[in-house]
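Enquirer: One structure is given below, represented as structure tokens, and several questions about it will come after.
The values are calculated or read from the model by the stated rules, or taken from the named source; none is laboratory data. Here the structure is a predicted model, which is why all the values come from computation and not from measurement. A quick note on method: Cβ atoms are made from the backbone with ideal geometry, for glycine too, and the neighbour counts reach across all protein chains shown. These area figures cover heavy atoms from the full protein model, side chains too; ligands, DNA and RNA do not enter into them. Shrake-Rupley method; radii C 1.70, N 1.55, O 1.52, S 1.80 Å.
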Amino acid sequence: MIRKVKGTRDILPPETRLWVAVEAAAHRVFAGFGYDEVRLPVMEPTELFVRSVGEDTDIVAKEMYTFPDRKGRSLTLRPEGTAGVARAFIENGLGQSPQPLRLSYLGPMFRYEKMQRGRFRQFAQIGIELLGAATPQADIEVLLVLHTFLSELGFADLVILLNNLGDPEDRAAYVARLKTELEGHRSELCADCERRWQTNPLRLLDCKVERCRELVADTTPVAEMASSEAKTHVAAVEEGLAALAIPVRRAPRLVRGLDYYLRTVFEVVSPELGEDTVICGGGRYDRLVTDLGGPEVPGIGFAIGEDRLVEVLPPPYRRRVLERPLAAVLPIGAAAAAPALALTRQLALVGITAPCEVTGRSLKAGLKWAGKIGAAAAVILGEREVEAGVAVVRDLARGEQSEVPAGELAAHVARLLRGSESDS
């Protein structure tokens, strides 16, 4: 038997209903704020991620799926979405569009990570990018979109963490301060942090090793070394979020794992999975498009790990999606087969889930099948019903049934299913 690749998984019904519902909510909320979907390649030139994410980040150094194509060009399965959006912005001349540009995306990403709960080597992300606005108001909008989307899914207890990374010009002074404060404990750092000391010291703050976390806990917060302009910017973001009743918590050691972030950075964590498990992260990246050879275009966005998001969906939301009421259409006899499928189509087009029995079961066997698939009602169609232009609708919970004219069938079944939904 051929098995799936380690780090990937099959997402099967009924769980796929949750994915469809989450993605539909994302499309609905994002579109309401003016974000249009962009669909990008899953393969990009490796250079894109080296230049944008950062050569010394864990993603580039240890986690990317990189391979040569038949002409020897180095390609990488995308590990994140923002770099691809920035590349598409430049390549397709989107700077000529009315600014700011609001884009959304969703799809698979790939990272060679240690396998653990909620993490996969092929995973999905849902994200938005707002390009062409450098104001705090843009940051506030992005976090408002995020908060609105998560609220639509029924979340009330997720924690939004916020920090100020300052501007790139502030980094040298901060890195020097950080190294001075940690110098006496350098021998206690883990092997990864010893490497980061030379290549990317800011990432020392993001280490998950307990001793390293203890050591950096007493260092100067990066926000304290930010410029006055950066401090004013992030303070305005906090004030704007407070005015919208969106709670956030300062996280002075939050830096995110990507080199392009500056000023506003944020993460969303789940108490259920533990605060080391990030469901969503994002921030401002005003230099990214320029660093990739494009014009000076500020940007901010976020990306949500859909796998982990689905895993921690609130139970009431899960039940509402997974326990959706449906009706089973049961043709009795060959003469009813085609009319039954036509009836299924009629119900489907008005939003009623109504699978049709297509294996030729008897009425008794068909009713048993309807119960197994969780149908609340059975729509029974035999030769007599076809000739009379009616159907028999049976409430499977109560055992009651009635004969319904074809023109009233959809409304009758909808009422029956709504009643079933409220009973549950």
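Enquirer: Which residues, taken from the stretch 206-249, are more than 30 Å from residue 180 (Cα to Cα) and either of a type outside the set (Asp, Glu) or not in a helix (DSSP H, G or I) (or both)?
Expert: 236, 237, 240, 241, 242, 243, 244, 245, 246, 247, 248
Enquirer: If you don't mind, another one. Quick one: in the stretch 276-286, which of the residues that are out of contact with any Asp or Glu (no Cβ under 7 Å at 6 or more places or on another chain) and at pLDDT 95 or above is nearest to residue 124 (Cα to Cα)?
Expert: The residue in question is 282.
Enquirer: Among the residues in the stretch 121-137, are any open to solvent by 30 Å² or more (accessible area, probe 1.4 Å) and either within 13 Å of the chain's Cα centre (by Cα) or of a type in the set (Asp, Glu) (or both)?
Expert: Scanning the stretch 121-137, I find no residue that is open to solvent by 30 Å² or more (accessible area, probe 1.4 Å) and either within 13 Å of the chain's Cα centre (by Cα) or of a type in the set (Asp, Glu) (or both), so the answer is no.
Enquirer: Additional query: State the number of residues belonging to the stretch 255-275 that are at pLDDT 90 or above and either more than 20 Å from the chain's Cα centre (by Cα) or not charged (D, E, K, R) (or both).
Expert: 7
Enquirer: Where the second residue is crowded, with 17+ Cβ neighbours inside 10 Å and of a type outside the set (Gly, Ala, Ser) and the first is free of Cβ contacts under 8 Å to residues at least 40 places away in the same chain and lies in the stretch 288-301, which pairs have Cβ atoms under 9 Å and are six or more apart or on separate chains?
Expert: 290/297; 296/286; 296/287; 296/289
Enquirer: What pairs come up if the first residue lies in the stretch 241-265 and is charged (D, E, K, R) and open to solvent by less than 50 Å² (accessible area, probe 1.4 Å), the second is in a strand (DSSP E or B) and at pLDDT 90 or above, and their beta carbons are under 6 Å apart, counting only those six or more places apart or on different chains?
Expert: Every condition considered, the pairs that remain are 256/265; 256/281; 256/283; 263/284.
Enquirer: Hey, another quick one. Consider residue 325 against the criteria (1) modelled with pLDDT under 95; (2) assigned to a helix (DSSP H, G or I); (3) open to solvent by less than 60 Å² (accessible area, probe 1.4 Å): it satisfies all of them except one. Which criterion is unmet?
Expert: With respect to (1) modelled with pLDDT under 95; (2) assigned to a helix (DSSP H, G or I); (3) open to solvent by less than 60 Å² (accessible area, probe 1.4 Å), residue 325 is out only on (2).
Enquirer: Considering only strands (runs of 3 or more DSSP E) fully contained in the stretch 367-424, which possess at least 3 residues that are among the hydrophobic types (A, V, I, L, M, F, W, C)?
Expert: 377-382, 390-395
Enquirer: Here is a further query. Just one of 208, 231 is modelled with pLDDT under 90, open to solvent by 30 Å² or more (accessible area, probe 1.4 Å) and either closer than 30 Å to residue 145 by Cα or touching a Gly at 6+ places or on another chain (Cβ under 9 Å) (or both); which is it?
Expert: Of the residues listed, the single one that is modelled with pLDDT under 90, open to solvent by 30 Å² or more (accessible area, probe 1.4 Å) and either closer than 30 Å to residue 145 by Cα or touching a Gly at 6+ places or on another chain (Cβ under 9 Å) (or both) is 208.
Enquirer: Which condition number in (1) open to solvent by less than 60 Å² (accessible area, probe 1.4 Å); (2) free of Cβ contacts under 8 Å to residues at least 24 places away in the same chain; (3) part of a helix (DSSP H, G or I); (4) more than 29 Å from residue 286 (Cβ to Cβ) is the one that residue 11 fails?
Expert: (3)
Enquirer: Report whether or not residue 55 is in a loop (DSSP other than H, G, I, E, B), surrounded by fewer than 18 Cβ atoms within 10 Å (Cβ to Cβ) and not small (Gly, Ala, Ser).
Expert: Taking the combined requirement at face value, the residue satisfies it.
Enquirer: Say whether the condition of being of a type in the set (A, V, I, L, M, F, W, C), open to solvent by less than 50 Å² (accessible area, probe 1.4 Å) and more than 17 Å from residue 326 (Cα to Cα) is met by at least one residue in the stretch 384-399.
Expert: Yes: one or more hits.
Enquirer: How about the stretch 331-361: which of its residues are open to solvent by less than 70 Å² (accessible area, probe 1.4 Å), among the hydroxyl-bearing types (Ser, Thr, Tyr) and part of a loop (DSSP other than H, G, I, E, B)?
Expert: 353
Enquirer: Further question on the same structure: Considering only strands (runs of 3 or more DSSP E) fully contained in the stretch 80-199, which possess at least 3 residues that are within 23 Å of residue 22 (Cα to Cα) and touching a Gly at 6+ places or on another chain (Cβ under 9 Å)? Talk me through it step by step, then tell me what you get.
Expert: On the way: elements: 101-110, 122-131, 159-164.
Per the criteria, 101-110, 122-131.
Enquirer: Filter the stretch 1-51 down to residues that are of a type in the set (A, V, I, L, M), over 22 Å from residue 321 (Cα atoms) and within 15 Å of the chain's Cα centre (by Cα), then give me how many there are. Talk me through it step by step, then tell me what you get.
Expert: Here is the first cut: in the stretch 1-51, the ones of a type in the set (A, V, I, L, M) are 1-2, 5, 11-12, 18, 20-22, 24-26, 29, 31, 38, 40, 42-43, 48, 50.
Narrowing the set further to residues that are over 22 Å from residue 321 (Cα atoms) leaves 1-2, 5, 38, 40, 42-43, 48, 50.
Pick out the ones that are also within 15 Å of the chain's Cα centre (by Cα) and you get 38.
Qualifying residue count, the stretch 1-51: 1.
Enquirer: Please verify whether the stretch 309-321 includes one or more residues that are open to solvent by 50 Å² or more (accessible area, probe 1.4 Å), in contact (Cβ under 8 Å) with a residue 60 or more places away in the chain and not charged (D, E, K, R).
Expert: yes
Enquirer: Is it the case that some residue within the stretch 147-155 is of a type in the set (Asp, Glu), at pLDDT 95 or above and more than 17 Å from the chain's Cα centre (by Cα)?
Expert: no
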